[in-house]
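Remarks on the structure that follows.
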Amino acid sequence: MAFMSSRRRSAALVAVLGLSLVAGGVAYAASAPAIQTSTPKFADQVTNIDVLRQQIKNYYGDPLAATGPAGTWASALNPDSNYAKEASSVAADGARWLATGWRGKASGMKAIVIDVDDTALATWNYEIYSNWDYNPTTNGEFVTNERFPAVPGMVTMVDQAKAEGYAIIVITGRPATQ
């Protein structure tokens, strides 16, 4: 029986260790919570939920948003908000890439894949309506009644992609009925 050379043994050992690390990372990722946070040790390290909600309202440019069915959920997205500016900037980056970025990097059919919630359609109004409390029935009503507005800049980017011959593939985690 022939033995592997020292160099081959070292390479095999590195490969086995690498695969072990990858497998361990996958196992950890499968058991870790989806959102990584820290566990506060003291009360002053806990973010006050009302402060956080106000920060989110400010980010969406709707500091006086009133929650609940009688609230301000039907208001249009604020086009001057930090959210709208950031979303428009991301869509503009995507449009620039669609216009020039793919050239020389791929062959065959051009396509873009777009997720629905908070990529193509903004769910901010539902968060205000539901006071950040997801309910499949009321959320389904928002979907059925087409109450989610387009994310700023996304319609323009998708229209540009269509004009340039891209196939548009839309994905979602919503149930098939929606």
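Numbers below:
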{"item": "Residue check, residue 47 free of Cβ contacts under 8 Å to residues at least 12 places away in the same chain and either part of a loop (DSSP other than H, G, I, E, B) or over 30 Å from residue 176 (Cβ atoms) (or both)", "result": "yes"}
{"item": "Of all residues making up the stretch 106-133, the number that are under 30 Å from residue 70 (Cβ atoms) and part of a loop (DSSP other than H, G, I, E, B)", "result": "9"}
{"item": "Selection status of residue 95, touching a residue at least 12 places away in the same chain (Cβ under 8 Å) and of a type in the set (A, V, I, L, M)", "result": "yes"}
{"item": "Pick from the stretch 129-178, criterion without any contact (Cβ under 8 Å) to a residue 12 or more places away in the chain and of a type in the set (D, E, K, R), ranking: farthest from residue 84 (Cα to Cα)", "result": "141"}
{"item": "Any chance residue 95 is modelled with pLDDT under 95, assigned to a helix (DSSP H, G or I) and either surrounded by 15 or more Cβ atoms within 10 Å (Cβ to Cβ) or not aromatic (Phe, Trp, Tyr) (or both)", "result": "yes"}
{"item": "Residue within the stretch 114-124 that is within 26 Å of residue 49 (Cα to Cα), surrounded by 13 or more Cβ atoms within 10 Å (Cβ to Cβ), touching a Pro at 6+ places or on another chain (Cβ under 6 Å) and not basic (Lys, Arg) present", "result": "yes"}
{"item": "Any hit, the stretch 130-139, residues being surrounded by 16 or more Cβ atoms within 10 Å (Cβ to Cβ) and within 20 Å of residue 98 (Cβ to Cβ)", "result": "no"}
{"item": "Failed condition for residue 80, given (1) over 20 Å from the mean Cα position of the chain (by Cα); (2) exposed (fewer than 13 other Cβ atoms within 10 Å of the Cβ); (3) assigned to a helix (DSSP H, G or I); (4) not aromatic (Phe, Trp, Tyr)", "result": "(3)"}
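The values are calculated or read from the model by the stated rules, or taken from the named source; none is laboratory data. In this text, all values refer to a predicted model and were calculated from it rather than measured experimentally. In this analysis, Cβ positions are derived from the backbone assuming ideal geometry, glycine residues included, and neighbour counts consider all displayed protein chains.
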